[in-house]
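Read through the structure below, which is laid out as C-alpha cells, and then see the notes.
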Amino acid sequence: MSSAITKSAWVQLYKQLQKEAEKIPQYNYRSFYHRRIRDHFVANRAVKDVEQQKKLFQEAQKELESLKRQVVFCSLYPHNKTIVEQKLGH
C-alpha cells in the first residue's frame, strides 16, 4: 500500500502557491489566485483516499508551474495601477 502525502508537504505546497501568487503585479489577479488556492485546499481537506490525495497533489504542483508562468507573463507587460493598488502601495 502506498503512503499518504504528509501534512508538511501539503503545507509547503500551499505556501509555495501563495508566495508565487503574491508576485503577480495586478491586484485583481493576485487576489483571485489567493482565493482560488485557499478555496481549493479547503474544499479538498476532507479527502482521505491516498490515490485521490496523490492526484490532487500532482494537480496542485501543475498549478504551481502554471502560476509561475503566469507571473513571468504578467511581469512582461506593464499595467496601470488601480486605485486599490495605489492605496496598498503594491
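Between ALA9 and GLN52, 0.36 nm times their residue separation minus their Cα-Cα distance comes to what?
Stretched fully, the ALA9-GLN52 segment lengthens by 13.9 nm.
Hey, what number do you get for the chain at 222 nm if only DSSP H runs of n ≥ 4 count, each worth -39500 (n - 2.57), divided across all residues, to the nearest 500?
Rounded to the nearest 500, it is -24500 deg cm²/dmol.
Find out how many positive minus negative residues lie around LYS68, taking Lys and Arg as positive, Asp and Glu as negative, among other residues whose Cβ is under 12 Å from that of LYS68.
+1
For the chain, take N as its residue count and report Rg(C-alpha) divided by 2.2 N^0.38 Å.
Against the compact-globule rule of thumb, the ratio is 1.27.
Magnitude of the Cβ-charge dipole of the chain, K/R +1 and D/E -1, about the Cα centre, nearest 20 debye? List each step's numbers first, then the result.
Details: 17 positive and 9 negative charges, 38 e Å.
Dipole about the Cα centre, nearest 20: 180 debye.
What residue among ARG36, ARG69, ARG45 has the largest mean-square fluctuation in a Gaussian network model of the chain, using Cα springs under 10 Å?
The residue that fluctuates most here is ARG45.
Taking a cut-off of 13 Å between Cα atoms, list the aspartates and glutamates near LYS68, but don't count ones fewer than 8 places away on the same chain.
Counting by Cα, and skipping residues close in sequence, LYS68 has these aspartates and glutamates nearby: GLU20, GLU22.
A short reminder: the numbers here are calculations on the coordinates, not readings from a lab. Just so it is clear, the model here is predicted, and its values are computed rather than measured. Glycine gets a Cβ as well: all are built from the backbone with ideal geometry, and neighbour counts include every protein chain shown.
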